[in-house]
1. Using 0.36 nm per residue, how much length does the chain from Glu306 to Asp152 gain when fully extended, once their Cα-Cα distance is taken away?
2. Taking 0.36 nm per residue of sequence separation and subtracting the Cα-Cα distance, how much length would be gained by fully extending the chain between Arg336 and Glu72, in nm to one decimal?
3. When only the heavy atoms of the protein chains count and the probe is 1.4 Å, how do Phe108, Phe321 rank by accessible area, highest first?
4. Skip the ligands, DNA and RNA, and give the accessible area per residue of the range 151-302 with a 1.4 Å probe, whole Å².
5. If you take every DSSP beta bridge whose two residues both sit in the chain, what share of them, in percent to the nearest 5, is antiparallel?
6. Can you give the % of DSSP beta bridges in the range 314-437 that are antiparallel, to the nearest 5?
7. If DNA, RNA and ligands are ignored and the probe is 1.4 Å, what is the ranking of Glu345, Glu304, Glu73 by accessible area, most exposed first?
8. When ligands, DNA and RNA are left out and all protein chains stay put, how many square angstrom of accessible area per residue does the range 51-150 have with a 1.4 Å probe?
Amino acid sequence: MKILTVEQMKTEERLSDEMGVTYQRLMENAGCAAAAFIRKTLSNVAGRNFMIFCGSGNNGGDGLVVARKLFEEGANVIVVLCGGIPRSNEAKYMYNCVIQAGITMLDFELDRKKVDEFLCGADIIIDALFGTGFSGEFRAPYDEIAEMINSDIAVKISLDIPSGVNAETGLCAENTIKANFTVAFEAAKPGHLLLPGKEFCGQTEVVDIGIPHEVRAQVSQNCFLTGEDMVFSSIRKRPRFSNKGTFGKLLCITGSSNFPGAAVLSALGAMKSGAGITTVATTEKVVSMIAARIPEATFLPLPENEDGTVSAYAKEKILPFLERVDAVLIGCGLGRGKDVGDLVEFVLENANCTVVIDADGLNCIPEKPEALKKAKQIPIITPHMGEMARFCKISIPETVEKRIEIASKTAKEFDSIVVLKDSTTVIAEPNGDIYFNSTGNPGLSKGGSGDCLAGIIASFAAQGYIETACAVCGVYLHGLAADKAAKELSEYGMLPSDIPDYLCKIFAEKGL
């Protein structure tokens, strides 16, 4: 799926206009493409009752084109102007075309009674109020209009994006239009993919609006939606002539007396996604607690502090492993002991391989963020929204609102891969590329899910995959396994410990 930010879309439109495919032509194309989608989806529009709510901007202009095209096909069409006569020259032109066609037009505020009457008989409502230009909350009368549309039982189709959804952030206003279908013009926008906006889009269909190929080539796409083909074309089959060393050595510095399960979950995630040798480095007490749960792992017992966390004195025991392993995972369940920060910095300075930093390993980074720059290979960090907010010293709401910008900026500044975990996980590369994950469900909203994910990502790193592939494939497969688990066990009942087993089923189905 092609994904463009709002600014990239504006750039494409501007360049297209400069090349002779004018804004007016693009508006006509967009409306025609939306009308064609509606005809295809509904099979027949003749005799159906349509109400098209048009704002005063260009999204309203798109709606006016749809009105004209559906009217030409024999549909009964009522246009409701919600902000008066359109403002832009292109939309005004479409407004005049609708008048010339003899289509009934109502002004929402002047003709309110008629709007109510026609709404009672509407089969399909088309939302052409705002499109991708919306942010914040509805002002009067749009708050009332949105509530009215949502309350009606008619099928609802939004043009470009449901009104009320911020196309950049996915954040939604109160009474955001709940569409059954969304016709996205030229490309999906981040708001189509990020929750909660995604939930309001219904089925999203991307349609071509005639942007010249030369323009598309000039505006580089840097946002991508992860999918099955992308992931499974990246995963290598295991060669017949191989041994455990072929698939890498992974060191997991995880667990503490309060969080021994994190060490188990991350190791299981790693081993069941293919790591050759997984060594769990944790306190002696934790080793004795978890060894029977993961007998296939090897162990490196480490000295502990009085609080049950790994001591900084463990550096001497860890150092020889850093020189010979293929990847390191640090942080899952380490606790917030006084020595965790020193250990993370020590590992980043001395590991000759990819380091994956999760959970408590991340919690100490805000005190010494420059430690990330000491890594010899591109590190992978896997914060959830709260950890990212602490890292950037901003609020969680601001982190959620600016997640793409923040993830991208952090990846570039610290030359790292950022896996920003949320209902839609965003993966950012230092070069500015962004990946939106397409799998997962609310059943993952349980303690331990992130530990399992970190183990999967680190496993791919140990097997020699490039850092971006480790993150993209790891996040996708983790979510896909969770989706399979939810179908059989329910989102309520599934556990993070179920995910590795369902991961095995996925590999088996794909013949891997």
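The values are calculated or read from the model by the stated rules, or taken from the named source; none is laboratory data. Bear in mind that the values here come from a model prediction, so they are computed numbers and not experimental data. Cβ coordinates were reconstructed from backbone atoms using ideal geometry, including for glycine residues, and neighbour counts include every protein chain displayed. Just so you know, the surface numbers come from the protein's heavy atoms only, side chains and all, with ligands and any DNA or RNA stripped out. Shrake-Rupley method; radii C 1.70, N 1.55, O 1.52, S 1.80 Å.
1. Additional length available on full extension: 49.1 nm.
2. Result: 88.3 nm gained on full extension.
3. Heavy-atom accessible area, descending, gives Phe321, Phe108.
4. About 42 Å² of surface per residue is accessible.
5. 15
6. 40
7. The most accessible residue leads, giving Glu73, Glu304, Glu345.
8. 43
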